[in-house]
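Colleague: Please find one structure pasted underneath; my questions will follow.
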Amino acid sequence: MQASLRFKKTLWHKGVFSLVGAVVWILTVSHQAQASCGAVTCFLVIGSQAGVPQKGILTLNMIYNYIDQDNLLDGTTGIIPAVEVDDRELVLNDHREILTFSQVVTMDLNIGLTDRFALQITIPTVIRDHRHEVEQGTPDSTILRFTDTGLGDIRLIGKYNILP
């Protein structure tokens, strides 16, 4: 009886220490982890992208990202150089960035071919609006606007679930 009680106490202590250790580890790692989804694509896994659906199951995810890049970092001017490719020259202070807005609508289709294997196709549509000023500070100063809408990089991914 005493051996069984001692075993239960030891097991309980190990459980408490494991739980405390896990909480400390999570708090430490989460404090150090820094991420940004300000990029045009986000690395975070959302919805059914992570798993393998069962055989015959079709899932559809629609993801919308809006990226507003019109704020400058402190201490920067937004004036950037250009590269003259033909002359192989770097042109300093070529233009001033004003804004870039990107909207990305992504559709993910997942189909389970077996209970362990699935295919995913990702189809992003990108809408971008960009403006910058050339010849800034001169009488010839002009604001140029570029817009673009179209398909992004389409991906076909095979997913296999190793663990049962």
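Colleague: In terms of modelled amide H atoms, which long-range or inter-chain residues lie less than 5 Å from the amide H of His95?
Modeller: Hits under the 5 Å cutoff: Ile80.
Colleague: If you don't mind, there's one more thing I want to ask. Cβ neighbours within 10 Å, averaged per peptide: list 56-65, 107-116, 148-157 in order, most packed at the top.
Modeller: Sorting 56-65, 107-116, 148-157 by mean packing, highest first, produces 107-116, 56-65, 148-157.
Colleague: Then there is this: Quick one: Karplus J couplings for segment 95-102, per residue in order, coefficients 6.51, -1.76, 1.60, θ = phi - 60°, nearest Hz, x for Gly and Pro?
Modeller: Whole-Hz 3J(HN,Hα) from phi for segment 95-102: 8, 10, 5, 10, 6, 9, 10, 10.
Colleague: If you don't mind, another one. Sort Lys159, Lys55 by Cβ crowding within 10 Å, fewest neighbours at the top. Walk me through the numbers on the way to the answer.
Modeller: On the way: Lys159 17, Lys55 13.
Ordered from fewest to most neighbouring Cβ atoms within 10 Å, Lys159, Lys55 come out as Lys55, Lys159.
Colleague: Of the listed peptides 126-136, 89-99, what is their order by residue-averaged count of other C-beta atoms within 10 Å, with the highest listed first? The partial results should precede the final answer.
Modeller: On the way: 126-136: 15.7, 89-99: 14.0.
Order by mean packing, descending: 126-136, 89-99.
Colleague: Which FRET efficiency value, to the nearest 0.05, is calculated for Thr114 and Leu156 with the Förster distance at 25 angstrom and r the Cβ-Cβ distance? Each step should come with its number before you reach the end.
Modeller: Details: r = 17 Å, r/R0 = 0.68.
After rounding to 0.05, the efficiency reads 0.90.
Colleague: Also, quick follow-up: Once the mean 1/r over all distinct Cα pairs of segment 42-143 is inverted, what Kirkwood radius in angstroms do you read off?
Modeller: Working: mean 1/r = 0.0575 Å⁻¹.
Across segment 42-143, the inverse of the average 1/r is 17.4 Å.
Laboratory data are not the source of any read-out in this text; all were calculated from the coordinates shown. As the structure is a computational prediction, the values presented were derived from the model and not from experiment. Positions of Cβ are generated from backbone atoms using ideal geometry, with glycine treated the same way; all protein chains shown enter the neighbour counts.
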